[in-house]
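> This is the structure I have questions about; it appears just below.
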Amino acid sequence: MEKEIIVLGIESTAHTFGCGIASSKNKILTNVKSVYKPQRGGIHPREASQHHQKVAPFIVKRALDNVGMDIREIDAVAVALGPGLGPCLRVGATVARAISVHYNKPLIPVNHCVAHIEIGRAITGLVDPLVVYVSGGNTIISAFAGGRYRVFGETLDIALGNCLDTFARETGIAPPYIVEGYHVVDYWAERGKEIIDLPYVVKGQDVSYSGLLTAALRLYSEDPKKLPDICLSFREHAYNMIVEVAERALAHTGKRELLLTGGVAASPVLREKLKIMCADHNATFRSVPLEYAGDNGAMIAWTGLLTYLNGVVIPVEKSFIKQRWRLDEVDIPWRKQ
Amino acid sequence: MAETMKLLSKGAEAHLYLGEFLGYRAVFKRRIRKPYRDSKFDRKIRIKRTLNEARLLNAAAMAGINVPALFDINLNTTTIVLEFIDGILLKDYIMNAGTENSLRILYEVGLIVGRLHRSGIIHGDLTTSNMILSSSSGRIYLIDFGLGEKSWELENRGVDLHLLLRALESTHYDIAEMGFKEVLRGYSDVMGINEALKVRSKIDEIRSRGRYVVKRIRH
């Protein structure tokens, strides 16, 4: 029997500090996280990093307690070195380096976007999907080709989640961002009747959300009573744009599966639209369950395990954080062409 | 009408049928309803794209760029009828042609994009899936102008070429860098070195606005 390999993974790229443990035998053993929730406004990188510093030791300890292990029993420690917010990344990197040095464990660099895709594949069972990754910080359409996850489309400016959240915040309907399980924009949109024309910006396989956000906010400032209609129009434009470019990428790449992940995967409306689109192309649609769609440590542990099994480790003195580490810069040796 | 014709292909937004129009072999490109969109919203977009494509195809033809001739347009069925171009997609050509031939063809693509921009036309979806290498003439034909626009602005030209760069990086990753150099060389031979340099730095700027780029340019 092969020896079981255990990897502990740490995520701290944005508002979540997470710690997960993955095993070469049983995939995910535990997934613990604490999410920084700003009282008002968006994520302030310094305040988020202070949150991470405060919770880090407890989150790591709880993960180990959950599986009844001592930290000496793990084989390696993985950390998301990017992309993300500098101050936040530094907390996770510092914790991981400390574990690596103090307990003499190999350190494994993990790209946060790759991790979202790999945990999605592991959990949904999809083999070679087109990936739609939509969150507060990312809007990427990607598929595997030639040893890497290539980017077939992305936002030219702000991310879908950021667009939705900023709109909600500026109009005063958030926080809280989630009402009765729905994003607050989806919640208000259900009460809208008429779709008003807003900028619908698809450039080839890319989208642009900043014009849509500005126009929707202007509409609101002109007539706040129209909020339900504005929310409906805003989200229809925003979602239809991403579904359209996903459809283009599906046709272009000829993939037979579609994986939806990232925090915005929580939206039932977006899921439904993608499902309908996939049915049109006889493609299998799967959405990553919320626990693993949002940022989490388990995805770092799992991807760290795949990385480690392929012999990739990083010396501590070279383990710099990479705030702008692109998805398509990372070699994926565990996938065959 | 279209139902009796031979289905050529199902693209992301349109179905292509092969038929006849006044004795010519013709492609009927029908933009189909997208069930994930609200029906009014859907119709608005389909009509806008159909009209847009017809206008730009005409403008490109007048500018002497190789595009299929526009035979007819029907807004009720959001269908345009086009001359049939026999050939292969440039995407498939490049995948099998070897580096040298691919680079030569990409130089020609650069010439074509240059002519397009010189005529005030932005294609809006420059990928190698939207170019056909004619088997009879060996020339490259541009198709799929639905996302295009008329513009003389550097910004729009930059976005147009940036799309092509992205398409090369995702689909022809092994020759992307060299290939795009060839595109710009062709572009420069039409537009002049000054315009080409301007658009090159514009592309860098557009890239730097993206979410994750290695270096940001300071302005």
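> When the residues of the range B:20-36 are narrowed to those that are more than 14 Å from every other protein chain (Cβ to nearest Cβ) and free of Cβ contacts under 8 Å to residues at least 24 places away in the same chain, which ends up nearest to B:E53 (Cα to Cα)?
Among them, the one singled out is B:E20.
> Right, another one. Under 6 Å between Cβ atoms, at least 6 apart or on separate chains: pull out the pairs that start in the range A:85-100 with a residue that is closer than 18 Å to A:L8 by Cβ and end on any residue that is part of a helix (DSSP H, G or I).
A:V91/A:S49; A:V91/A:H52; A:V91/A:Q53; A:V95/A:A56; A:R97/A:V316; A:S100/A:V316
> List, please: which pairs have Cβ atoms under 7 Å, are six or more places apart or on different chains, and start with a residue in the range B:83-106 that is part of a loop (DSSP other than H, G, I, E, B) and end with one that is of a type outside the set (F, W, Y) and surrounded by fewer than 18 Cβ atoms within 10 Å (Cβ to Cβ)?
These pairs meet every condition: B:F84/B:L18; B:F84/B:R25; B:I85/B:S134; B:D86/B:S134; B:D86/B:S135; B:D86/B:S136.
> Find the residue count for the range B:109-123, including only residues that are within 14 Å of chain A (Cβ to nearest Cβ) and of a type in the set (A, V, I, L, M, F, W, C).
Matching residues across the range B:109-123 total 2.
> A follow-up question, please. Being crowded, with 23+ Cβ neighbours inside 10 Å and more than 7 Å from every other protein chain (Cβ to nearest Cβ) is the filter here; which residues of the range A:138-153 pass it?
Matches in the range A:138-153: A:T139, A:I140, A:I141, A:S142, A:A143, A:Y149, A:G153.
> Does the range A:274-287 contain at least one residue that is under 23 Å from A:R256 (Cα atoms), more than 13 Å from chain B (Cβ to nearest Cβ) and buried (at least 19 other Cβ atoms within 10 Å of the Cβ)?
Within the range A:274-287, one or more residues are under 23 Å from A:R256 (Cα atoms), more than 13 Å from chain B (Cβ to nearest Cβ) and buried (at least 19 other Cβ atoms within 10 Å of the Cβ).
> Could we say that B:G124 is outside any helix (DSSP H, G or I) and exposed (fewer than 15 other Cβ atoms within 10 Å of the Cβ) here?
No.
> What number of residues in the range B:2-18 are more than 14 Å from chain A (Cβ to nearest Cβ) and either closer than 23 Å to A:L198 by Cβ or touching a residue at least 40 places away in the same chain (Cβ under 8 Å) (or both)?
The number of residues fulfilling the criteria is 2.
> Here are some residues: B:L126, B:L147. Which one is under 17 Å from B:N58 (Cα atoms) and facing chain A (nearest Cβ under 10 Å)?
B:L147
> Can you name every one of the helices (runs of 4 or more DSSP H) wholly within the range A:156-256 that holds 1 or more residues which are within 30 Å of B:N130 (Cβ to Cβ) and within 14 Å of another protein chain (Cβ to nearest Cβ)?
A:160-170, A:210-222, A:227-253
> Criterion first (within 14 Å of another protein chain (Cβ to nearest Cβ) and in a helix (DSSP H, G or I)) does B:H162 satisfy it?
yes
Rule-based calculations on the coordinates, nothing more; no lab input. Everything quoted here is computed from the prediction, not taken from an experiment. Virtual Cβ from ideal backbone geometry, glycine too; neighbours counted across all protein chains shown.
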